[in-house]
Amino acid sequence: MSTIDPTARVEDGAVIGEGTVIGPFCMIGPHVTIGKNCKLIGHVSVMGHTAIGDDCVISPFAGLGGPPQDLSYRGEPTRLEIGSGCTIREGVTMNVGTAKGGGLTRVGNGGFFMNNSHVGHDCTVGNGAIFATSATLGGHCEIGDFVYIGGLSAVHQFTRIGSQVMVGGVCGVRDDVIPFGLVNGQYAVLEGFNIIGMKRRKFTRERLATLRAFYKRLFYGPGTFAERLASVQGFAGEDPAIADILTFIANGKHRPLCLPAATGRD
């Protein structure tokens, strides 16, 4: 059975999973669903149409499911969905979506959100993401699986970050970042691949060599970027990671692509 501290306020209509512990002074709204074996340590606010998966741990003063920070919002019943196995530390905020943005903010499984990090409205965050202290997303961002965003970094609205990217600390990300990229700087520039992360995910030396050759040709070869991009399309069959990068670039919508410093913003 679930355990609810007598000082907590759980509104009628909320669904609390088996084995979940609701700690002191938590506030749970009437449209909230919390999965099994979660722990809300205390002073946690979960509001709006919010669903939280199993086995999550949520620390004090987290605010989940609050209204989007968007002037067009008029109280529509938009949603926030958080996956299973997430750790959400002190002061983290995650907002529901907006009607114009699809109505859903979605966070995947196994995320680790350090204190005061923020997921804005209509964002999609993949599995295994790590947000360091005060890492923040503007609205409508798309974040891939196993992305690390460094402390005090901010991602501009509508920006896409591919899977297994590492974003350095105190970094403003205003351009799309290719999968497996490493970005850093006051305004993010591409510094290469996230080699340490790739090795942790069992990329062999041979695969890394293939990817480095592709990277060098795409970003530092002769001709314009568009010409180089056309010239590397044949590399897609050499490695699945190259295919992922080329698909990511082809699917760009709102933001330019983050490039190495020597090539400038494109």
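The values are calculated or read from the model by the stated rules, or taken from the named source; none is laboratory data. All values reported here derive from a predicted model rather than from experimental measurement. FYI the Cβ positions are ideal-geometry reconstructions off the backbone, even for glycines, and counts take in every protein chain you see.
Among the residues of the range 49-80, what is the count of those that are touching a Leu at 6+ places or on another chain (Cβ under 6 Å) and not basic (Lys, Arg)?
3
Those residues that are within 8 Å of the chain's Cα centre (by Cα) and in a loop (DSSP other than H, G, I, E, B), I need them from the range 131-144; list them, please.
Scanning the range 131-144 gives CYS141, GLY144.
Could you check how many residues of the range 22-35 are farther than 19 Å from GLY66 by Cβ and surrounded by fewer than 18 Cβ atoms within 10 Å (Cβ to Cβ)?
So the count comes out to 1.
Regarding LEU190, is this residue surrounded by 14 or more Cβ atoms within 10 Å (Cβ to Cβ), assigned to a strand (DSSP E or B) and over 16 Å from the mean Cα position of the chain (by Cα)?
Working: surrounded by 14 or more Cβ atoms within 10 Å (Cβ to Cβ): yes; assigned to a strand (DSSP E or B): yes; over 16 Å from the mean Cα position of the chain (by Cα): yes.
The answer is yes for LEU190.
Between a residue in the range 235-259 that is under 14 Å from PHE180 (Cα atoms) and any residue that is assigned to a loop (DSSP other than H, G, I, E, B) and β-branched (Val, Ile, Thr), which pairs come within a Cβ distance under 6 Å, given they are 6 or more apart or on different chains?
Once the first residue is under 14 Å from PHE180 (Cα atoms) and sits in the range 235-259, its partners that are assigned to a loop (DSSP other than H, G, I, E, B) and β-branched (Val, Ile, Thr) give ILE245/ILE178; PHE248/ILE178.
Can you tell me which residue among ARG174, ARG217, ARG212 is closer than 27 Å to ASN127 by Cβ, more than 17 Å from the chain's Cα centre (by Cα) and surrounded by fewer than 20 Cβ atoms within 10 Å (Cβ to Cβ)? Break it down into steps so the answer makes sense when it comes.
Details: ARG174 fails: more than 17 Å from the chain's Cα centre (by Cα); ARG217 fails: closer than 27 Å to ASN127 by Cβ.
The conditions single out ARG212.
What strands (runs of 3 or more DSSP E) lie completely within the range 1-113 and have 1 or more residues being small (Gly, Ala, Ser), without any contact (Cβ under 8 Å) to a residue 60 or more places away in the chain and within 26 Å of GLY126 (Cβ to Cβ)?
Values: elements: 32-34, 49-52, 63-66, 79-82, 93-95, 104-107.
Strands (runs of 3 or more DSSP E) meeting the threshold: 49-52, 63-66.
Residues to consider are GLY103, GLY85; find the one that is under 21 Å from HIS140 (Cα atoms) and not β-branched (Val, Ile, Thr).
Working: GLY85 fails: under 21 Å from HIS140 (Cα atoms).
Sole residue among the options that is under 21 Å from HIS140 (Cα atoms) and not β-branched (Val, Ile, Thr): GLY103.
So that you can scan it fast, the table gives a plain yes or no per residue for (1) more than 17 Å from LYS39 (Cβ to Cβ); (2) surrounded by 23 or more Cβ atoms within 10 Å (Cβ to Cβ):
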site	(1), (2)
SER72	yes, no
GLY75	yes, no
THR78	yes, yes
GLY85	no, no
ARG89	no, no
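Would you check if there is a residue in the range 36-46 being β-branched (Val, Ile, Thr), surrounded by 20 or more Cβ atoms within 10 Å (Cβ to Cβ) and closer than 20 Å to ASN115 by Cβ? If you could, list the steps in order and put the result at the bottom.
First, the residues of the range 36-46 that are β-branched (Val, Ile, Thr): 41, 44, 46.
Going one step further and asking which of them are surrounded by 20 or more Cβ atoms within 10 Å (Cβ to Cβ), we end up with 44, 46.
Retained after the next criterion (residues that are closer than 20 Å to ASN115 by Cβ): 44, 46.
Yes: one or more hits.
Which residues, counting only those in the range 101-158, are within 18 Å of LEU71 (Cβ to Cβ), surrounded by 20 or more Cβ atoms within 10 Å (Cβ to Cβ) and of a type in the set (S, T, N, Q)?
Hit for the range 101-158 is THR105, nothing else.
Quick check: is even one residue across the range 68-77 assigned by TED's automatic domain parsing to the domain that holds SER134 and within 17 Å of the chain's Cα centre (by Cα)?
To start, the set of residues in the range 68-77 that are assigned by TED's automatic domain parsing to the domain that holds SER134 comprises 68-77.
Now drop any that are not within 17 Å of the chain's Cα centre (by Cα), which leaves 68.
Yes - at least one qualifying residue is present in the range 68-77.
Does LEU152 count as in contact with a helix residue (DSSP H, G or I) (Cβ under 7 Å, 6 or more places away or on another chain), of a type outside the set (Asp, Glu) and outside the structural domain of ALA62 (by TED's automatic domain parsing)? Break it down stepwise before answering.
Working: in contact with a helix residue (DSSP H, G or I) (Cβ under 7 Å, 6 or more places away or on another chain): no; of a type outside the set (Asp, Glu): yes; outside the structural domain of ALA62 (by TED's automatic domain parsing): yes.
Taking the combined requirement at face value, the residue does not satisfy it.
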